Amino acid sequence: MTIISILDLIGTFVFAISGIRMAAKKDLDIFGAAVIGFATAIGGGTVRDILIGSESITWIGDMTYPIVILSAIPFTYLIRNRLDDINKPLFLFDTIGIALFTISGMEKALAFGLNPFMAGIMGMTSAVVGGIIRDILCREVPLIFRKEIYATACLMGALVFYLGIYFEIATNLNYVITTGVVIGIRVAAIKLDLSLPKMKV
């Protein structure tokens, strides 16, 4: 197992935790929490695979992903009183997760013959749609539509990743650079309280 696949699973785990935490805030039972955790962790990749016409949906063919997501339920319960203490590590792994999901989504879309622009959109879809599904199921306006620089960071990461491919940068180095760009944008947005202009009519 490569470091990229390990980080991908960590990102999946953290995404599942975010879904389970939202379910807990909405007072859902353990089954509801599991459903929200699954939707958050694999929703984006599933939608991407459907849109690009893939006959193989990643998590269905690899039991590692369901196991990782299910393990997030007892983990979240056991550390429920310490979640505030680990918010920073969760934020870091969440950001690494969206970067890696952007990369893997874009790679798969390019392999299916999509042009770079649409491949970038598919990369962003992989990273953010799970969170959108989570918020909708929990009757919230999706976070990425109203507050944080999130999808924009994914799009910038997709652009950097494609430029790395275009200029034939070594694959592993391209992964590191792209992930660093996404992390940098997310951290800067939080530190400087940056957000996109609100739509006013």
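Simple rule: put +1 on each Lys or Arg Cβ and -1 on each Asp or Glu Cβ in the chain, find the dipole, and look at 69, 189, 109; the Cα lying farthest toward the positive end is 189.
Taking all protein chains together, 143, 78 sort by accessible area into 78, 143, largest first [probe 1.4 Å].
If you take every residue apart from residue 17 with its C-beta less than 12 Å away from the C-beta of residue 17, what net charge results, scoring Lys and Arg +1 and Asp and Glu -1? Before the final figure, lay out each step's value.
On the way: positive: 21, 80, 134; negative: 94.
In short, +2.
Let me test this: with uniform point scatterers at the alpha carbons of the stretch 1-152, what is the Debye-based log₁₀ I(q)/I(0) at q = 0.11, 0.12 1/Å? Once normalised to I(0) and log-transformed, intensities are -0.39, -0.47.
Let me spell out the model: positive unit charges on the Cβ of Lys and Arg, negative unit charges on the Cβ of Asp and Glu, origin at the Cα centre of the stretch 62-192. What dipole size does that give, in debye rounded to 20?
340
Sort largest first and round to whole Å: the equivalent ellipsoid semi-axes of the stretch 68-201, each the square root of five times a Cα gyration tensor eigenvalue.
Numbers: eigenvalues 137, 71, 51 Å².
Each semi-axis is √(5λ); the values are 26, 19, 16 Å.
Given R₀ = 22 Å, FRET efficiency for residue 188-residue 10 by Cβ-Cβ distance, to 0.05? The computed FRET efficiency comes out at 0.45.
Note on the stretch 1-44: Cα-only Rg and Dmax are 11.6, 38 Å. Computed over protein heavy atoms with a 1.4 angstrom probe, the accessible surface ordering of 79, 17, 67, largest first, is 67, 79, 17. Nonpolar atom fraction for the chain, defined as the carbon and sulfur part of the 1.4 Å probe accessible area, stands at 68 percent. Take the chain with all the other protein chains still there, run a 1.4 Å probe, and you get 56 Å² of accessible area per residue.
Each of 180, 130, 100 was placed along the dipole of the stretch 58-201 (beta-carbon charges, centred on the mean Cα), and the one lying farthest toward the positive end is 130.
Distance between the modelled labels on residue 67 and residue 198, one decimal in nanometres: 4.7 nm (7 Å Cα→Cβ projection). Compared with the alpha-carbon gap, the fully stretched path from residue 117 to residue 85 is longer by 7.6 nm at 0.36 nm per residue. Rolling a 1.4 Å probe over the protein chains gives residue 26 an accessible area of about 80 Å².
Lysine pairs in the chain with Cα distance under 23 Å, only those 8 or more apart or on different chains: how many are there? Number of lysine pairs found: 9. The heavy atoms of residue 64 present about 50 square angstrom of accessible area, all protein chains included, probe 1.4 Å. Multiplying the residue separation of residue 51 and residue 166 by 0.36 nm and subtracting their alpha-carbon distance yields 39.0 nm. The candidates 21, 80, 48, arranged from most to least accessible area with a 1.4 Å probe in the full protein assembly, appear as 80, 21, 48. Under the convention that each Lys and Arg Cβ holds +1 and each Asp and Glu Cβ holds -1, the size of the dipole of the stretch 1-142 around its Cα centre is about 260 debye.
For the stretch 46-118, the dipole from Cβ point charges (+1 on Lys and Arg, -1 on Asp and Glu) about the Cα centre works out to 160 debye, to the nearest 20.
Determine the distance separating the Cα centre of the stretch 27-55 from the Cα centre of the stretch 180-201; give it in Å without decimals. If you average the Cα positions of each part, the centres end up 26 Å apart.
For the stretch 1-59, what is the relative contact order in percent, using Cα pairs closer than 8 Å and at least 6 residues apart in sequence?
On the way: 41 pairs, mean separation 16.7, N = 59.
Dividing the mean separation by the residue count of the stretch 1-59 yields 28 percent.
The values are calculated or read from the model by the stated rules, or taken from the named source; none is laboratory data. Everything numeric in this text was worked out from a predicted model, so none of it was measured. Neighbour counts run over all protein chains shown; Cβ positions are idealised from the backbone, glycine included. With ligands, DNA and RNA removed, areas are computed over all heavy atoms of the protein, side chains included. Shrake-Rupley method; radii C 1.70, N 1.55, O 1.52, S 1.80 Å.
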